[in-house]
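Read the structure below first, then the notes.
The values are calculated or read from the model by the stated rules, or taken from the named source; none is laboratory data. The shown structure was predicted, so the numbers you read here are calculated from the model rather than taken from an experiment. Every residue, glycine as well, gets a Cβ built from its backbone with ideal geometry; the counts of neighbours run over all protein chains shown. In case anyone asks, the SASA skips ligands and DNA or RNA and just uses the protein heavy atoms, side chains included. Shrake-Rupley method; radii C 1.70, N 1.55, O 1.52, S 1.80 Å.
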Amino acid sequence: MRGVLADTIPETATRNLYIETYGCAMNLADSEVVASIMADKGFKTTQEMKDADVIFVNTCAIRDNAESHVWGRLKEMRPYKRSNPGLIIGVLGCMAERLKTQLLEKEQIIDLIVGPDAYRDIPQLITQVEEGQKAVNVLLSREETYAEITPVRLSSNGVTAFISIMRGCDNMCSFCVVPFTRGRERSRDSESIVNEARELYTAGYKEVSLLGQNVDSYKELDLEGNIICNFAQLLEKVALIAPDLRVRFSSSHPKDITDEVLFTMKKYTNICKHIHFPIQSGNSRVLALMNRTYDNAWLKMRLERIKEVLPNCGISTDIISGFCTETEEEHQDTIELMRFAKFNFAFMYQYSERPGTLAARRYADDIPAEVKLKRLQEIIVVQHENSMALNNAEIGKVQTVLIEGFSKRSENDLRGRSDKSALVLFPAENYKKGQYVKVLIERASQTSLFGKVIELVDFNN
Ligand code: SF4
């Protein structure tokens, strides 16, 4: 295998790979692993579909609309196949794992289907296709972590990078397809994770995000099955690499955010004070139906504990509106919990029944679409109020910001994120990406903070 940073695709790479990635950060990280595997087989990545010899669509199956979008994209790819019969089109990721060969039946242009644990097999599958067959590998694994494969950093800003530390999920939340599309939990060895982080730092990256479906249940085991490194210990190992290497992590299950994790975050200034805390609902009966293993009272107790140990911690969440049999009163429990928690931001969705899940097998998807939508809109209104109030409270305060690049709106402004993951925009002056700056916040919107740099942070002093 090559050195850590596979930005350097082998000169011998002559064929073009085009990857389109949907869904979560884990899928982005997986596409970088796939690009690395393909680079070893002489493929370099292209941003132009028309120049591709191979097109991969790395898919998400978390909600119905995620899948319908992919069906639309595949239709749009038909002309490319017609104009270039040698073009190979593959579907990867959670939709590939969920639907398997059904994809081939429904869409003729697809040549290969590869599940999230079978990416090492891609070169062999491509050979099968080149010999005229359709190729499929959707075997899930209990070991696969792609630990020693060096990701090709796709569309990287050169400052922040993802490191996937574990795969799969053992929490059988009744609405979720992930355990079926990504299999059982398994963790990478901590040494390979720390090495990858150290080499990213050496190459100039200033922030790593540790990724997993449920990072807090990370556990490195010895041959006897004893835990030799848990998530808090891994966080500490990565934080000790360098004081100016920021460490973030996502996604957590609330039940696994231990006091040990909170106190480790408190101990290191470079472990960012932001926790993604997906509640999904605020009502205890609905949470039980969702098999979330906690209730309203426990959520409040845990949120208070986070704010007690980390007073200035940013907290974000996921919320589903209109889950099976949810009543209006139970929906109001979610609204009340949001008012209690004051999340900095949230990912908010309507319940989308996923075939094969426990909920689909046991509960009727009985909340009318217009009621799901009305409840979602109420949730969004409350979240916007909270985000606006919390961002306004930052006016007049100073945030330490890691510069990620130019603002999407203007080359005169730079963008970066605060310790608690708020987006901060400010005039560029002579500052550049990869630097840490102290920004005095002068204005706020519901999604961003605006200010001016008052100081360049120098970690050597
Ligand atoms: S924790 Fe629950 S919602 Fe999250 S990936 Fe696992 S099963 Fe899905």
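Brief remarks follow.
- Solvent-accessible ranking of Trp71, Trp298, largest area first, probe 1.4 Å: Trp298, Trp71
- A probe of 1.4 angstrom, applied to the heavy atoms of all protein chains, finds Cys169 with accessible area near 10 square angstrom.
- Per residue, the stretch 15-137 exposes 39 Å² of accessible surface when a 1.4 Å probe is rolled over the protein heavy atoms with every protein chain present.
- Distance between the C-alpha centres of the stretch 11-89 and the stretch 381-432: 33 Å, rounded to the whole angstrom.
- The stretch 125-166 residues near the modelled Thr101 label - backbone nitrogen below 20 Å, point 7 Å along Cα→Cβ: 125-141
- Phi angles across the stretch 281-297 convert, under the Karplus curve 6.51 cos²θ - 1.76 cosθ + 1.60 with θ = phi - 60°, into 3J(HN,Hα) values of 7, x, 9, 5, 5, 5, 4, 5, 4, 6, 6, 8, 6, 9, 10, 4, 4 Hz, Gly and Pro given as x.
- In the stretch 99-227, Cα pairs under 8 Å separated by at least six residues give a relative contact order of 23 percent.
- Cβ-based net charge around Asn27, under 13 Å, with every Lys or Arg adding one and every Asp or Glu removing one: -2
- Of Lys81/Lys433; Lys372/Lys408; Lys100/Lys374; Lys219/Lys267; Lys50/Lys433; Lys237/Lys342, pairs whose Cα-Cα distance is over 28 Å: Lys81/Lys433; Lys372/Lys408; Lys100/Lys374; Lys50/Lys433; Lys237/Lys342
- Net charge over other residues, Cβ less than 14 angstrom from the Cβ of Ile454 (K, R count +1; D, E count -1): -1
- Pairs of Cα atoms farther than 24 Å apart, the stretch 279-393, %: 25
- Inter-centroid distance (Cα atoms) of the stretch 182-212 relative to the stretch 256-332, Å: 25
- Distant-in-sequence amide contacts of Asn58, defined by a placed amide H-H separation under 5 Å and a gap of 5 or more residues or a different chain, comprise Glu20, Thr21, Tyr22, Leu92.
- Unit charges at the beta carbon, dipole of the stretch 279-393: most positive-side option, Leu358, Leu376, Leu310: Leu310
- Within the assembled protein chains, the solvent-accessible surface assigned to Ser352 is about 30 Å², based on a 1.4 Å probe.
- Overall, the accessible surface of the stretch 157-272 at a probe of 1.4 angstrom is composed of carbon and sulfur to the extent of 54 percent.
- For the stretch 234-371: relative contact order, % (alpha-carbon pairs under 8 angstrom, 6 or more apart): 23
- Area of Asp419 that stays accessible when all protein chains are in place (1.4 Å probe, Å², to 10): 40
- In the full protein context, the stretch 398-456 carries 50 Å² of accessible surface per residue, based on a 1.4 Å probe and ignoring ligands, DNA and RNA.
- Ligands, DNA and RNA left out, the accessible area of the stretch 15-137 computed with a 1.4 Å probe is 49% carbon and sulfur.
- Residues in the stretch 399-411 carry Karplus couplings, in order, of 10, 8, 10, 8, 6, 9, x, 6, 4, 5, 8, 8, 6 Hz; the curve used is 6.51 cos²θ - 1.76 cosθ + 1.60 with θ = phi - 60°, and Gly or Pro positions show x.
- Relative contact order %, the chain, counting alpha carbon pairs below 8 Å whose residues are six or more apart: 10
- Accessible-area composition of the stretch 363-453, carbon plus sulfur, in percent [1.4 Å probe]: 55
- Separation in nanometres of the label points that stand 7 Å from Cα toward Cβ, at Asp64 and Glu336: 3.1
- Neighbour net charge for Asp51 - beta-carbon separation under 13 angstrom, K R +1, D E -1: +1
- Reachable aspartates and glutamates, given that their alpha-carbon falls under 13 Å from the alpha-carbon of Lys266 and they are not under 8 places away in the same chain: Glu236, Glu308, Asp419
- Ranking by accessible area, most exposed first, for Thr264, Thr447 with a 1.4 Å probe: Thr447, Thr264
- In order along the stretch 134-139, the Karplus-derived 3J(HN,Hα) couplings, from 6.51 cos²θ - 1.76 cosθ + 1.60 at θ = phi - 60°, round to 7, 10, 9, 9, 10, 6 Hz, and Gly and Pro are given as x.
- Think of it this way: in the chain, Cys24, Cys60, Cys94, Cys169, Cys229, Cys272, Cys313, Cys324 stand alone, with no other Cys Cβ under 4.7 Å.
- Using the rule -39500 (n - 2.57) for each DSSP H run of four or more residues, divided by the residues of the chain, the 222 nm mean residue ellipticity is -10000 deg cm²/dmol.
- Take every DSSP beta bridge whose two residues both sit in the chain; close to 35 percent of them are antiparallel.
- Per residue, the stretch 279-393 exposes an accessible area of 43 Å² to a 1.4 Å probe, with every protein chain left in place.
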